[in-house]
Structures are given as C-alpha cells and as structure tokens.
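Engineer: Let me give you the structure first, and then I'll get to my questions.
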Amino acid sequence: MSKAWDPDDIFDLLASEDVRRILVATSVQPMSAKELATICDRSLATIYRRVEAMEEYDLLSEEITRDSDGTQYNQYRSDLNEITISVNEGDLTVNIDLEKDTVDQFAELIEDLEQAGGTNENDGE
C-alpha cells in the first residue's frame, strides 16, 4: 500500500533523529514507550509526542500487550517498508510504502469506499 504525502511534512518528521531511531528499533520488534525512551535517551513525554506524530502518518502501529503479571501496556511497531522521493517535470512526490495486515487493509478499503461514494440506506426509497 502506498500513499502520497506532503513532502515538507514527511521531511520535517524524518529530520528528527528520535523518529529515525524509533523506526529502526520498532522494525526489529514491537517496543514500549519506556523501551523507546531508553534507546533514544529521551523523556517519556518526548517519546509520546514522536510516536503520536508517527501514528498520524501511519508509520507506527500501536498494540496492546500484557506482561507476565497481567499488566497491560502499549507497544509500537514500525509499518514502514519504503519511502520513495520522485522529482518529475517540476513536481516532487513522496510515496510511503506501508505494511498493513489484512484486517487493516480491509478497514481502509471500506473507509475509502464510504468516502468516495458514500452509502445511504435510504437510496432505494
């Protein structure tokens, strides 16, 4: 799956060393915000701000997990496969190739269909 993004926004996001570290770390295995804070040597508040920005671009997915004593917490995993930057005939395009599971892909398809044509239960009346 690939989406077009505003180049300025994605360049600003990826300019952050923290964002790049989070992407790399979570591409290996899902990690909690606390683990990411340790890797990036940043506060939890900073990590949550970075994670929120990355989620806006679908670069990260959030998963709820439990530890051995049953405590729930969130882990994050990278959904980024590839970023492609193209310059063609005066136009700069950024495509982000994301890895989504089948359930996510289906949900996005339904959402796109609803936005494109909309469904109205009263159309037949």
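Engineer: Collect the residues in the range 52-69 that are in a helix (DSSP H, G or I) and either open to solvent by 80 Å² or more (accessible area, probe 1.4 Å) or over 14 Å from residue 25 (Cα atoms) (or both), keeping them in residue-number order.
Structural biologist: Correct list: 52, 53, 55, 56.
Engineer: Identify, by number, the condition in (1) open to solvent by less than 80 Å² (accessible area, probe 1.4 Å); (2) assigned to a helix (DSSP H, G or I) that residue 49 doesn't meet.
Structural biologist: Going through (1) open to solvent by less than 80 Å² (accessible area, probe 1.4 Å); (2) assigned to a helix (DSSP H, G or I) one by one, residue 49 breaks only (1).
Engineer: Quick check on my filter: what residues within the range 26-46 are surrounded by 17 or more Cβ atoms within 10 Å (Cβ to Cβ) and touching a Ser or Thr at 6+ places or on another chain (Cβ under 8 Å)?
Structural biologist: 26, 30, 36, 37, 40 - these are the residues of the range 26-46 that are surrounded by 17 or more Cβ atoms within 10 Å (Cβ to Cβ) and touching a Ser or Thr at 6+ places or on another chain (Cβ under 8 Å).
Engineer: Only one residue in 70, 90 is more than 16 Å from residue 32 (Cβ to Cβ), out of contact with any Pro (no Cβ under 6 Å at 6 or more places or on another chain) and among the small types (Gly, Ala, Ser). Which one?
Structural biologist: Values: 70 fails: more than 16 Å from residue 32 (Cβ to Cβ).
Within the list 70, 90, the selection yields 90.
Engineer: What single numbered condition from (1) open to solvent by 60 Å² or more (accessible area, probe 1.4 Å); (2) under 21 Å from residue 94 (Cα atoms) fails to hold for residue 16?
Structural biologist: (1)
Engineer: When the residues of the range 70-119 are narrowed to those that are assigned to a strand (DSSP E or B) and among the acidic types (Asp, Glu), which ends up modelled with the lowest pLDDT?
Structural biologist: Only one residue tops the list, namely 97.
Engineer: Of everything in the range 85-98 that's open to solvent by 60 Å² or more (accessible area, probe 1.4 Å) and touching a residue at least 24 places away in the same chain (Cβ under 8 Å), which residue is farthest from residue 25 (Cα to Cα)?
Structural biologist: Among them, the one singled out is 92.
The values are calculated or read from the model by the stated rules, or taken from the named source; none is laboratory data. Just so it is clear, the structure is predicted and the values come from calculations on it, not from any experiment. Every residue, glycine among them, receives a Cβ derived from its backbone with ideal geometry; neighbour counts consider all protein chains shown. These area figures cover heavy atoms from the full protein model, side chains too; ligands, DNA and RNA do not enter into them. Shrake-Rupley method; radii C 1.70, N 1.55, O 1.52, S 1.80 Å.
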